[in-house]
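The values are calculated or read from the model by the stated rules, or taken from the named source; none is laboratory data. Computed from a predicted structure; not experimentally measured. Every residue, glycine among them, receives a Cβ derived from its backbone with ideal geometry; neighbour counts consider all protein chains shown. Surface accessibility is based on the protein's heavy atoms, side chains included, excluding ligands, DNA and RNA. Shrake-Rupley method; radii C 1.70, N 1.55, O 1.52, S 1.80 Å.
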Amino acid sequence: MCVIGFDTSNYTTSIAYLDGESGENCSRLLPVKQGQLGLRQSDAVFAHVKSLPELSGRLFSHVDIHSVTAVGVSTRPRDVEGSYMPCFLVGYTHAKMLSDLLRVPLVECSHQQGHVAAALWSAGRLDLMDRPHLAWHLSGGTTELLLVEPEGKNVRCTRIGGTTDISAGQLIDRTGVMLDLPFPCGKHLDALSRQAQGNDCFRVKCPGLEFSLSGVQNKVQQYFGAGNNPAETASYALRSVCQAVLSATRNAIRQYPNLPVVLSGGVASNSMLRSELAALDPVFAEPAFSTDNAMGVAILASRLSRG
């Protein structure tokens with residue numbers, strides 16, 4: 001018995017299956033030309049339409065389709081009123097056709113809920129789905145600190161902090177593009193930062209659970225313009241992000257004592273961030289399941305279809 005999950009985000013096309021214990025995620029990054037910061041939604045939709053047949057063919061080549069008991073799909077970025085992106089319609093149409101063909105339940109969730117579920121599954125902490133905890137959703141478009149609470153077999157994610165302007169992923173991508181790195185720039189900036197010798201950063205003000213990163217972008221540009229090399233600039237940008245996230249996390253732990261902290265989203269796979277936050281003993285997702293994937297959607301479909 002297994003479930004299939006679809007996720008067609010603004011960065012990645014993904015399809016996954018879960019047999020209850022193990023699973024497999026097949027993903028492909030959306031193609032972005034050198035120097036560009038992402039895709040228009042119409043181009044993202046087209047890229048998903050092109051990628052899904054190959055990915056589903058690869059996955060279904062060794063999955064017994066007759067054992068599928070449910071199909072899951074992310075239909076929106078976040079589980080809040082007005083959250084919408086056309087790219088998620090691609091995953092929905094494919095998932096709906098498959099569930100109709102197989103006559104099995106179609107389970108809808110948000111991309112953010114999928115991130116949390118994938119992080120917990122990969123860390124071996126699905127028990128946290130049934131108790132309150134704190135979670136960071138750190139991605140290309142989102143930097144939110146969440147209070148995650150059980151909602152039946154699903155989770156309810158309430159924003160309690162994070163950025164007030166650009167996301168950590170946007171800062172990382174803009175820094176990477178400035179340094180002529182491929183988009184999305186996260187793993188490339190991470191690798192480049194390891195060559196740095198210094199530990200400069202811009203100290204982001206974070207008196208509570210929120211902070212601003214738009215000023216950091218200006219500081220990073222000034223830092224590079226002052227003659228610092230790409231590796232030092234990459235480290236400067238990432239250390240500034242880490243300092244802000246670390247400060248907000250410490251404040252959240254004081255405000256919500258005894259709640260575990262989970263790191264999810266593509267930025268959560270960054271090696272510097274993991275090192276800086278390690279002292280707080282958070283729950284880290286495996287890097288492969290920090291980035292956009294459909295495994296979390298499959299996990300939620302498995303849980304919700306069982307009632």
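Observations
- Look at the alpha carbon pairs under 8 Å that are at least 6 residues apart: their mean separation over the length of segment 180-307 gives a relative contact order of 24 percent.
- Across segment 150-220, Cα pairs under 8 Å and at least six residues apart give a relative contact order of 41 percent.
- Average accessible area per residue (Å²) across segment 11-107 - probe 1.4 Å, nucleic acids and ligands excluded: 54 Å²
- Formal net charge of residues neighbouring Asn293 (Cβ-Cβ distance under 14 Å; K, R +1; D, E -1): -3
- Shape parameters for segment 1-41, alpha-carbon atoms, Rg then Dmax in Å: 13.7, 45
- Spacing of the modelled spin labels on Gln195 and Arg40, each 7 Å from Cα toward Cβ, amounts to 3.5 nm.
- Element breakdown for the chain at a 1.4 angstrom probe: carbon and sulfur atoms account for 51% of the accessible area.
- Segment Asn258-Ser67, length gained on full extension (0.36 nm per residue, minus Cα span): 64.7 nm
- Cubic angstrom per residue, convex hull over Cα atoms of segment 1-120: 112 Å³
- Computed over segment 164-205, the convex hull of the alpha-carbon atoms projects to a mean area of 3.5 nm².
- Inverting the pair-averaged 1/r between distinct Cα atoms of the chain gives 19.6 Å as its Kirkwood hydrodynamic radius.
- Under 30 Å from Lys33, Cα to Cα: lysines that are on another chain or at least 8 residues apart: Lys50, Lys187, Lys219
- Loop sites in segment 1-70: trypsin sites (Lys or Arg not before Pro), DSSP, at most 13 other Cβ within 10 Å: Lys33, Arg40
- From most to least packed by mean Cβ count within 10 Å, the peptides 187-198, 261-272, 160-171 give 261-272, 160-171, 187-198.
- DSSP bridge orientation in the chain - percent antiparallel, rounded to nearest 5: 60 percent
- Added length on full extension, which subtracts the Cα-Cα distance from 0.36 nm per residue, Glu24 to Met97: 24.2 nm
- Subtracting the Cα-Cα distance of Ser214 and Asp130 from 0.36 nm times their residue separation leaves 26.7 nm of extension gain.
- Reported to the nearest whole Å, the Cα centre-to-centre distance from segment 163-183 to segment 56-92 is 27.
- Along the chain, the exposed loop sites are GluC sites (Glu not before Pro) outside DSSP states H, G, I, E and B with at most 14 other Cβ atoms within 10 Å, and the longest stretch free of them is 82-307.
- Here the Debye sum runs over all C-alpha atoms of segment 111-234 as equal scatterers in vacuum, and log10 of I(q)/I(0) at q = 0.13, 0.18, 0.21 Å⁻¹ comes out as -0.63, -0.99, -1.15.
- Environment charge of Gln222, counting only residues whose C-beta is closer than 14 Å and scoring Lys/Arg +1, Asp/Glu -1: 0
- Sparse packing (at most 14 other Cβ atoms within 10 Å of the Cβ) combined with a DSSP loop state is found for the following chymotrypsin sites (Phe, Trp or Tyr not before Pro) in segment 69-105: Tyr84.
- Percent RCO, i.e. relative contact order, over the chain, from Cα pairs under 8 Å lying at least 6 residues apart: 25 percent
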